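Okay, structure first, notes after.
The values are calculated or read from the model by the stated rules, or taken from the named source; none is laboratory data. The structure presented is a predicted model; accordingly, all values stated were derived computationally and were not measured. Methodologically, a virtual Cβ is constructed for each residue, glycine included, from the backbone with ideal geometry; neighbour enumeration extends over all protein chains shown. Side chains are part of the model used for accessible areas, which takes the heavy atoms of the whole protein and leaves out ligands, DNA and RNA. Shrake-Rupley method; radii C 1.70, N 1.55, O 1.52, S 1.80 Å.
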Amino acid sequence: MSLSPEHLIIAPILIPFFAGALMLVYDERQRRTKLVIGLIAVTAMLLSAAELLVRSKGSELTGGNDIGFYLLGDWSAPFGIVLVIDRLSAMMLVLTALLALPALIYSAAGWHRQGQHFHSMFQFLLMGLNGAFLTGDLFNLFVFFEVLLAASYGLLLHGGGQLRIRAGLHYIAVNLTGSLMFLIGVSLVYGATGTLSMAHLSTLVWGLEEQPRALLQAGAGIMAVAFLIKAGIWPLSFWLSTAYMASVAPVAAMFAIMTKVGVYVLIRLSFLVFGAAAGVSAGHGALVLITGGLATVAYGFLGVLASQSLGRMAAHLVLVSSGTVLASAGFVLEGAGTGILAGALFYLLSSTLATAALFLLIEPMSREEGGIAALLALTADAYGLDEREEQPEVGLAVPGTLAVLGLSFSVCALALTGLPPLSGFIGKLGMLRGILAAELPVPALGWAFVALVILSGLATLIGLVRIGIQTFWATDSEPPRVLALEIAPVLVLVSLLFVLTLKAEVTMRYMQQTARAIISPTIYAEGVLGAPRAADGRESRP
């Protein structure tokens, strides 16, 4: 049974593509026009993603595991490129849109004026992210990866300055290396199997002979390096903290979802290609995900304790989030129950929203007396920009600034540390219950996971409380002038954390069904390979 939302599945790719291209027609003196176009595009993207999420739930008769598809060029899989929507990809589309809208509004406070073509690059970044979540083809995945990386290069360098240029060059070099590894891995996978369709791969792995199976595993390992770099797994995460800290606030908020692209692809391909139906290849790479994830969590919380600035601390919290989810996926790939993965997906939503809000809070919390105009004037002087061009958009200053900032910061801290009653606690509790109930081949790894999850929460609490005391209690300076355009996006993200908490039962049920669908690759494969062509006289079902 399949979905039939007509051509809606391609909308999250086409909307930012056409919006970004249209913005190139306008020059940089018409940024407000670009902003309006961007807001309309992101709102439309959010609505289309929400509709796809509703449709992806499926029916009760099929266990809620329907697969939607769109055949590009009307060529059926595995010969043509297919876009696939299921519960996991729909969730990631909605999360991307929910982050994009507040980040874009935040940029209107003056940050989009610090460089050229901010809005076009922002839309192309969204196009690459959505394409990576939707594609069912490895080479097409590489194409969307390069689109989002090319846009992220420009966004990271947005505003100029020595720190951003240094961080940007490291970021570009590392990701170009990852792209090369991606291509080499894809070539080996194609040489071993003769296909790049993810669905087709999942049906071929179990029957491969020893030599092509070894070639496939080698190619998958090399290709996985690119995803592990993007996910920020230790020791491939040396570039991340500096790059994220150097980015302007709205860009850093969007980068919080970029690490999850690597996490998403690793989860998707691990269970499709090396899941329970892969024969002797079942569980391949699980130990790498577990040990790498645990090492990343340890590295992340040590970085949180050592960080002296909120920006670097937030970047290390991104690593803690990625490592936790990857380790959880590795345990499930080894045969643990789906409860761990359901809790990890819930935690992924909560931690991504909280870290994005934290990135948006960094600058208002550290702002000296004089407000954004003084800050941007200093930026213009340091980076050689035209000060007249850097004036903030018209906006109202927020009354009770310290109270609003303090409460928002406290909510983010509670969500990231995993303390009750907020959503972070629910996600961590789900993972811990799942790991304690699982029968693992190496029980010590399970106990190490439990210990690191608890220690990472304690380290996050210590680090964020230290920053909070320094910012809100140990200062005698006048409250900063914060515009409504800056604080409103933060309040939106904080509100989403409350909604996630209040709707925890519904959300966790969705995650449990998603986890069950992830570990059943036949659902994905049969849905995609059975997609009818429009030329067959039937409706092409995206």
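Evaluated with a Cβ-only charge set (Lys, Arg +1; Asp, Glu -1), the chain carries a dipole of roughly 440 debye about its Cα centre, given to the nearest 20. The protection proxy used here, the mean number of other Cβ atoms lying within 10 Å of each residue, ranks peptides 199-205, 82-88 as follows, highest first: 82-88, 199-205. Kindly identify the stretch 312-362 as rounded, prolate or oblate by the Cα gyration tensor criterion: order the square roots of the eigenvalues as a ≥ b ≥ c, call it rounded if a/c is under 1.5, otherwise compare a/b with b/c, prolate if a/b is larger, else oblate. Here the stretch 312-362 falls in the oblate category. Taken over the Cα atoms of the stretch 163-209, the convex hull encloses 83 Å³ per residue. For the stretch 240-261, backbone nitrogen atoms closer than 12 Å to the point 7 Å from L163 Cα along Cα-to-C-beta are found at 242-249. Specify whether the C-alpha gyration tensor of the stretch 404-528 places it in the rounded, prolate or oblate class, a ≥ b ≥ c being the square roots of the eigenvalues: rounded for a/c under 1.5, otherwise prolate if a/b is larger than b/c and oblate if not. Oblate is the answer for the stretch 404-528, as a/c is 1.5 or above yet b/c matches or exceeds a/b. Largest first, the three principal axis extents of the alpha carbons in the chain are 69, 54, 43 Å in whole numbers.
Applying 1/(1 + (r/R0)^6) with r as the Cβ-Cβ distance of E51 and E526 and R0 = 22 angstrom yields a FRET efficiency of 0.40. Calculate, for L402 and L429, the FRET efficiency according to 1/(1 + (r/R0)^6) with r their C-beta to C-beta distance and R0 35 Å; round to the nearest 0.05. Efficiency at R0 = 35 Å is approximately 0.60. Taking 0.36 nm per residue of separation and subtracting the Cα-Cα distance, full extension of the segment from W447 to E146 would add 104.5 nm. Two tests apply to each whole DSSP H helix in the chain, Cα reach of 27 Å or more along its axis and mean Kyte-Doolittle hydropathy of at least -1.0, and the ones passing both are 31-56, 87-107, 162-193, 210-231, 249-273, 286-306, 310-333, 338-366, 443-468. Counting only protein heavy atoms and a probe of 1.4 Å, the accessible surface of the stretch 319-360 is 49% carbon and sulfur. Label-to-label distance, A21 versus S309, with points set 7 angstrom from Cα along the beta-carbon direction: 3.9 nm.
Averaging the sequence gap over all C-alpha pairs within less than 8 Å and six or more residues apart, then dividing by the number of residues, gives the chain a relative contact order of 20 percent.
Peptides 138-148, 440-450 ranked from most to least packed give 138-148, 440-450, packing being the mean of other C-beta atoms within 10 angstrom over each peptide's residues. Scoring 170-178, 407-415 by mean Cβ neighbours within 10 Å over their residues and listing the highest first yields 407-415, 170-178. Surface composition of the stretch 406-513: carbon plus sulfur atoms hold 70% of the accessible area, using a 1.4 angstrom probe and ignoring ligands, DNA and RNA. Is the C-alpha gyration tensor of the stretch 95-175 telling us rounded, prolate or oblate? Criteria: a/c under 1.5 is rounded; beyond that, a/b larger than b/c is prolate, otherwise oblate. Verdict is oblate for the stretch 95-175. Accessible surface calculations at 1.4 Å, restricted to protein heavy atoms, place the stretch 131-209 at 37 Å² per residue.
Heavy-atom surface analysis with a 1.4 Å probe gives the stretch 205-290 a carbon and sulfur content of 67 percent of its accessible area.
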